[in-house]
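The values are calculated or read from the model by the stated rules, or taken from the named source; none is laboratory data. Computed from a predicted model, the values in this text were never measured in an experiment. Glycine gets a Cβ as well: all are built from the backbone with ideal geometry, and neighbour counts include every protein chain shown.
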């Protein structure tokens, strides 16, 4: 309008767009630097052939951080390195909620030609047990969560990946669905195109109920499917609301069944021994 005092807002819209993505480029710069690689365990350092470009790191970071979830940037960095060292096979996650870590695992499994990614979660209040007395503040909020909406958000977040699907059930029942699907070589889930699966797990990320008995049950149910050289991750090994993951993890380390174990971010990483030859 002629003579008006209107002016463009600040910051300038194009600059505002850049300010939104700048942190992702800065993070991509960091994780592609020698400073970052010197800070991680040797067993997690990917070969040069399996390192991403700074723009790829930034793109993954941007998409990952725009999904609701508690996994932080350190966990994303660890997953990048982990999938850069994983054998070929299925990637399975127990407990996914909105799908932040599921997206990262599926994206990386595709990028590094590992295999398919399967999320296991009931997304159902009636099938979720409490996580112990120390987690009362979490337990008290369960009935307020509309898990149907959470599940729809999960589908929205992972549907852009053609190697990622889900089993909507509790862990101890989902194993049968997974095993039967593996016999056919394909997993069919509603609203997702069928994905190829092998029944041989390269990476198992356990982030379900954190009560000791529940974590132990998840390990006993799924760990036998992990192949030599494959990885088991216990999320929240260091957890302020309880010690279930830590107790189970310490027992696993003490068993001597793994040739490598360490804690990075808040997660315990264990690797099944690589077979000789």
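Would you call residue 263 at pLDDT below 95 and part of a strand (DSSP E or B)? In short, yes. Among the conditions (1) surrounded by 15 or more Cβ atoms within 10 Å (Cβ to Cβ); (2) within 19 Å of residue 74 (Cβ to Cβ); (3) free of Cβ contacts under 8 Å to residues at least 40 places away in the same chain, residue 264 misses just one, which is (3). Of the residues examined, residue 172 is one that is in contact with a helix residue (DSSP H, G or I) (Cβ under 9 Å, 6 or more places away or on another chain) and in a helix (DSSP H, G or I).
Could you go through the range 132-149 and let me know if any residue there is modelled with pLDDT under 95, out of contact with any helix residue (DSSP H, G or I) (no Cβ under 6 Å at 6 or more places or on another chain), crowded, with 17+ Cβ neighbours inside 10 Å and closer than 26 Å to residue 76 by Cβ. Looking for residues that are modelled with pLDDT under 95, out of contact with any helix residue (DSSP H, G or I) (no Cβ under 6 Å at 6 or more places or on another chain), crowded, with 17+ Cβ neighbours inside 10 Å and closer than 26 Å to residue 76 by Cβ, one finds at least one in the range 132-149, hence yes.
Of 115, 106, which residue is more than 14 Å from the chain's Cα centre (by Cα) and over 15 Å from residue 236 (Cα atoms)?
So the residue among 115, 106 that is more than 14 Å from the chain's Cα centre (by Cα) and over 15 Å from residue 236 (Cα atoms) is 115.
Screening residue 62 on (1) under 21 Å from residue 20 (Cβ atoms); (2) buried (at least 21 other Cβ atoms within 10 Å of the Cβ) shows it passes everything except condition (2).
Taking the criterion of being touching a strand residue (DSSP E or B) at 6+ places or on another chain (Cβ under 9 Å) and modelled with pLDDT of 90 or more, the residues of the range 238-260 that qualify are 245, 246, 248, 249, 250, 252, 253, 257, 258, 259, 260.
Restricting the search to helices (runs of 4 or more DSSP H) fully inside the range 1-88 and requiring at least 1 residues that are over 27 Å from residue 116 (Cα atoms) and at pLDDT below 85 gives 13-31, 34-37.
Checked against (1) more than 17 Å from residue 95 (Cα to Cα); (2) surrounded by fewer than 17 Cβ atoms within 10 Å (Cβ to Cβ), residue 230 passes all but condition (2).
Being surrounded by fewer than 14 Cβ atoms within 10 Å (Cβ to Cβ) and in contact (Cβ under 8 Å) with a residue 12 or more places away in the chain is the filter here; which residues of the range 152-171 pass it? 162, the sole residue that qualifies.
Applying the condition of being touching a residue at least 60 places away in the same chain (Cβ under 8 Å) and not in a loop (DSSP other than H, G, I, E, B) to the range 183-201 and asking which residue is surrounded by the most Cβ atoms within 10 Å (Cβ to Cβ) yields 201.
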